[in-house]
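The values are calculated or read from the model by the stated rules, or taken from the named source; none is laboratory data. Please read all numbers here as calculations on a predicted model, not as lab measurements. As a convention, Cβ positions derive from the backbone with ideal geometry for all residues, glycine included, and neighbour counts pool all protein chains shown. The accessibility values were calculated without ligands, DNA or RNA, using every heavy atom of the protein model including side chains. Shrake-Rupley method; radii C 1.70, N 1.55, O 1.52, S 1.80 Å.
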Amino acid sequence: MLTPNQVLHGYSMGIFPMADPDDDNTIGWYEPKMRGIIPLDGFKVSKNLAKLLRQGKFEVTVNQDFEAVMEACAEREDTWISEEIIYVYSKLHEAGWAYSFETRLDGELVGGLYGVAMGKAFFGESMFHKVTDASKVALVYLVAWMKENGYILLDTQFITDHLKQFGAIEIPQSEYMKLLAKALA
């Protein structure tokens, strides 16, 4: 069984766990040759998203509903977020390592993200939305929180078109390891 300490050790070594739904949710460790990150100084917010943020349509909270965020992130056809992953990350949350940023509309959880914070690195795990732009709003708040607290590395593990719009880039694992060492020093 995966333990919180194994997850923290893995992150410190530049690897992360995922369950394989095609292999009875067996936990595997991953170390992509090209790593996704969002450079905080290159974080981009579109004009439309900036306008939405000014309107204050969504309420954003931190660590108010961690497990519900994880469960919502897992609600997809193929997911690496197994019950074991939810259990272990919930334990990391209880111990102060894992965070969730929740987006609410009229009090209802409609978007969010979760990840693990170590040193000055945030390891983003997953995000979801039930209402357009709800996960984007959570990401903007995460980046603001990271900047306020002196964080220097936002690890997205992989890169997607969704993350590219915010300035996400891929870097070689060797470069990532240098950034990680600096963030954990």
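Tabulated values for the structure
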quantity	calculated
Number of positions in the stretch 126-159 that are part of a loop (DSSP other than H, G, I, E, B) and either in contact (Cβ under 8 Å) with a residue 60 or more places away in the chain or surrounded by 15 or more Cβ atoms within 10 Å (Cβ to Cβ) (or both)	7
Qualifying residue in the stretch 163-176 (condition: within 26 Å of Phe58 (Cβ to Cβ), within 15 Å of the chain's Cα centre (by Cα) and not in a loop (DSSP other than H, G, I, E, B))	yes
The stretch 28-67 - residue that is under 18 Å from the mean Cα position of the chain (by Cα) and among the basic types (Lys, Arg) and, of those, surrounded by the fewest Cβ atoms within 10 Å (Cβ to Cβ)	Lys44
Test set (1) surrounded by 15 or more Cβ atoms within 10 Å (Cβ to Cβ); (2) part of a strand (DSSP E or B); (3) of a type in the set (A, V, I, L, M, F, W, C) - Val7 fails condition number	(2)
Number of the exception - Asn25 against (1) touching a helix residue (DSSP H, G or I) at 6+ places or on another chain (Cβ under 8 Å); (2) modelled with pLDDT of 95 or more; (3) polar (S, T, N, Q); (4) open to solvent by 30 Å² or more (accessible area, probe 1.4 Å)	(2)
Restricting the stretch 160-172 to residues that are touching a strand residue (DSSP E or B) at 6+ places or on another chain (Cβ under 6 Å) and at pLDDT 95 or above, the residue that is surrounded by the most Cβ atoms within 10 Å (Cβ to Cβ)	Ala168
Val116 vs. criteria within 26 Å of Asn25 (Cα to Cα) and either in a strand (DSSP E or B) or within 15 Å of the chain's Cα centre (by Cα) (or both)	yes
Subset tally (residues that are surrounded by 15 or more Cβ atoms within 10 Å (Cβ to Cβ), small (Gly, Ala, Ser) and out of contact with any Lys or Arg (no Cβ under 8 Å at 6 or more places or on another chain)) for the stretch 173-185	0
Positions within the stretch 13-22 being open to solvent by less than 40 Å² (accessible area, probe 1.4 Å) and either touching a Ser or Thr at 6+ places or on another chain (Cβ under 6 Å) or not in a loop (DSSP other than H, G, I, E, B) (or both), in sequence order	Phe16, Pro17, Met18, Ala19
Selection count, the stretch 84-125, where residues are farther than 15 Å from Phe66 by Cα, open to solvent by less than 40 Å² (accessible area, probe 1.4 Å) and among the small types (Gly, Ala, Ser)	1
